[in-house]
Amino acid sequence: MSNENGFEPLIIGFTCNWCSYRAADLAGISRVKYPPNVRLIRLMCSGRLDPLFVLKAFAGGADGVLISGCHPGECHYLEQNYKTLRRVALLRNMLTQFGIEPQRVKLLWASAAEGVRFAEEVSKMVEEVRALGPLNWSQIAGAPEPTDEELTPPDLAPPPSSQSQPVMEAVS
Amino acid sequence: MSEKPKLAMYWASSCGGCEIVTLGIGENLLLVDEVFDLAFFPCIADFKVADVKGYPDGYIDVCLFNGAIRNSENEEMAKLLRQKSKILVAFGSCAYEGCIPALSNLTSREATLRTVFLESPTVDNPEGVLPQPRHQVEEGVLELPYFYHTVRSLDQVVDVDYYIPGCPPEPHQIWAVLQVVVAALTEGAPLPPKGSVVGAGDVAVCEECPLEKHEKTVARFYRPYQVRPEPGLCLLEQGIVCMGPSTRSGCGARCPQVGMGCRGCYGPLPGVEDQGARSLTALASVLDVAGKPGDDEQELEQQVEQAVATIVDPAGTFYRFSMAHSLLRRAKTNGAQKEVVS
Ligand code: SF4
Ligand code: SF4
Ligand code: SF4
Ligand code: FES
């Protein structure tokens with residue numbers, strides 16, 4: 001479809017303020033290399049992630065969304081990340097119906113010590129999304145309807161099984 | 001007599017239910033007739049489009065426009081009625097936010113045509129005839145409206161003054177709105193600010209719902225046929241999908257009161273950008289799948305996936321009425337709308 005050469009996926013990443021942001025930070029300070037495709041947005045907790053943020057990211061041109069938080073049981077706001085888990089699972093199912101592949105939404109638990117793992121998982125995701133290709137949502141949502149000229153017949157050819165021209169028939 | 005304000009009601013991609021409830025305002029119809037002259041109302045009176053084309057711009061005082069924009073004729077009529085009307089009201093969920101017609105934004109134009117004209121078991125179409133926007137006959141060219149790829153709401157096509165939500169709107173709400181309009185036209189009373197959602201409340205359906213709530217969570221959801229609701233108790237807390245928490249009030253919580261979860265027809269709450277996202281959050285919060293520290297993370301994720309899979313059609317459930325107004329607006333489908341069926 002579109003030109004795959006040089007496609008750099010744009011990934012919006014949400015981290016919580018505690019474990020997962022520190023993991024990202026640690027990856028940075030320890031100079032672990034990972035692709036620069038992720039734009040991180042820090043929330044206080046992954047539980048703050050409104051599914052709306054993910055929809056906005058896609059509608060606004062993101063190719064993937066990363067959501068990361070503390071490991072289950074380690075959320076700094078008790079069990080908010082369990083809620084995140086439920087929301088993201090349900091959101092993935094819903095996005096599949098919109099034609100958005102589940103791999104474009106990644107949930108990643110990372111403790112403050114897991115800088116290397118954070119970097120590895122991000123790299124993996126970037127490659128997965130690269131393989132899926134660009135999403136370009138504005139073109140999907142805003143796809144133009146055909147113009148008047150394009151409507152001249154044959155607008156839709158008959159299925160291959162039929163050889164005859166479309167005809168209008170009186171009901172007998 | 002000819003000095004009475006002019007009323008119009010039109011159906012675009014509509015089921016006709018909106019006109020039926022409008023006629024359901026009962027004897028108040030006589031009052032409407034006293035105040036207004038009908039200028040266009042295909043459901044009950046014999047006007048032609050040519051009549052409307054002949055009116056001066058702004059001739060119609062109030063036009064109640066129901067139905068979504070599904071094809072080129074709907075769009076043409078929306079533009080015509082906008083030009084001829086002082087106040088254009090998006091009437092009912094279809095015109096307001098796409099409603100049931102816009103659910104087909106989850107599929108493509110080709111797939112819809114194929115299902116309807118070729119594959120449905122009741123179809124007998126051996127020649128595979130599909131609707132042609134133009135067709136040459138001896139007498140000239142016949143035209144049919146062009147079926148669009150994406151269904152839109154009225155305000156995605158023309159400027160809209162007011163919105164009346166509901167599928168269909170409740171008759172008492174329609175009457176309340178008409179009274180406001182009549183007061184404005186006859187006594188110069190103020191109209192609500194342009195762009196308002198009228199004929200509805202501004203809290204959630206839950207607030208109007210008399211069923212008892214206990215802040216309980218559930219392990220899974222049930223489809224209506226799978227469970228008999230316990231009378232008097234909140235449906236959502238019994239695992240029955242209910243959009244009450246994410247839907248605007250105004251109907252009096254009609255559905256939950258008879259054991260049917262709210263489907264969301266009054267649209268999003270004020271200030272909510274995307275009803276589906278809000279509904280998703282509301283439903284996910286009622287699920288009680290939670291683990292404890294040290295649980296196997298993969299197992300936990302599997303449990304959660306099983307629990308959320310009990311909502312079988314999330315997109316169709318959360319956006320049953322608001323697909324056209326959703327942030328994503330439609331699904332990515334394989335066929336672009338200009339591809340031919342092959
Ligand atoms: S809003 Fe509901 S009742 Fe009105 S036309 Fe649409 S489907 Fe029918
Ligand atoms: S049944 Fe539905 S509308 Fe009524 S309180 Fe429960 S969730 Fe809200
Ligand atoms: S309960 Fe929900 S679906 Fe039923 S009429 Fe009210 S808003 Fe519409
Ligand atoms: S604080 Fe990290 S997920 Fe809640």
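Would you be able to tell me the number of residues in the stretch B:230-270 that are more than 9 Å from ligand 2 (Cβ to nearest atom) and either modelled with pLDDT under 95 or over 25 Å from A:Asp50 (Cβ atoms) (or both)?
Selection size over the stretch B:230-270: 9.
Given B:Val21, B:Val62, which one is surrounded by 17 or more Cβ atoms within 10 Å (Cβ to Cβ) and part of a strand (DSSP E or B)? Let's see the steps before the verdict.
Values: B:Val21 fails: part of a strand (DSSP E or B).
Going through B:Val21, B:Val62 in turn, just one is surrounded by 17 or more Cβ atoms within 10 Å (Cβ to Cβ) and part of a strand (DSSP E or B): B:Val62.
If a residue has to be more than 11 Å from chain B (Cβ to nearest Cβ) and modelled with pLDDT under 95 to count, how many in the stretch A:122-148 make the cut?
0
For the stretch B:168-177, does any single residue satisfy the condition of being within 16 Å of ligand 2 (Cβ to nearest atom) and part of a loop (DSSP other than H, G, I, E, B)?
Yes, the stretch B:168-177 contains a residue that is within 16 Å of ligand 2 (Cβ to nearest atom) and part of a loop (DSSP other than H, G, I, E, B).
Got a sec? Which of A:Lys56, A:Lys83 is under 28 Å from B:Ala219 (Cα atoms), among the charged types (D, E, K, R) and open to solvent by 10 Å² or more (accessible area, probe 1.4 Å)? Outline the logic, then answer.
On the way: A:Lys56 fails: under 28 Å from B:Ala219 (Cα atoms).
Just a single option satisfies the conditions, and that option is A:Lys83.
If I go through the stretch B:107-157 residue by residue, how many of them are assigned to a strand (DSSP E or B) and either crowded, with 20+ Cβ neighbours inside 10 Å or in contact (Cβ under 8 Å) with a residue 24 or more places away in the chain (or both)?
6
Step by step: first the residues of the stretch B:82-106, then only those that are more than 16 Å from ligand 3 (Cβ to nearest atom) and surrounded by fewer than 21 Cβ atoms within 10 Å (Cβ to Cβ), then the one that is nearest to B:Val157 (Cα to Cα). Which residue is that?
That would be B:Arg82.
The values are calculated or read from the model by the stated rules, or taken from the named source; none is laboratory data. The structure displayed is predicted, hence computed values, not measured ones. Reconstructed Cβ throughout: ideal geometry from the backbone, glycine too, with neighbour counts over all protein chains shown. To get the accessible areas, we keep the full protein, side chains included, count just its heavy atoms, and leave off ligands, DNA and RNA. Shrake-Rupley method; radii C 1.70, N 1.55, O 1.52, S 1.80 Å.
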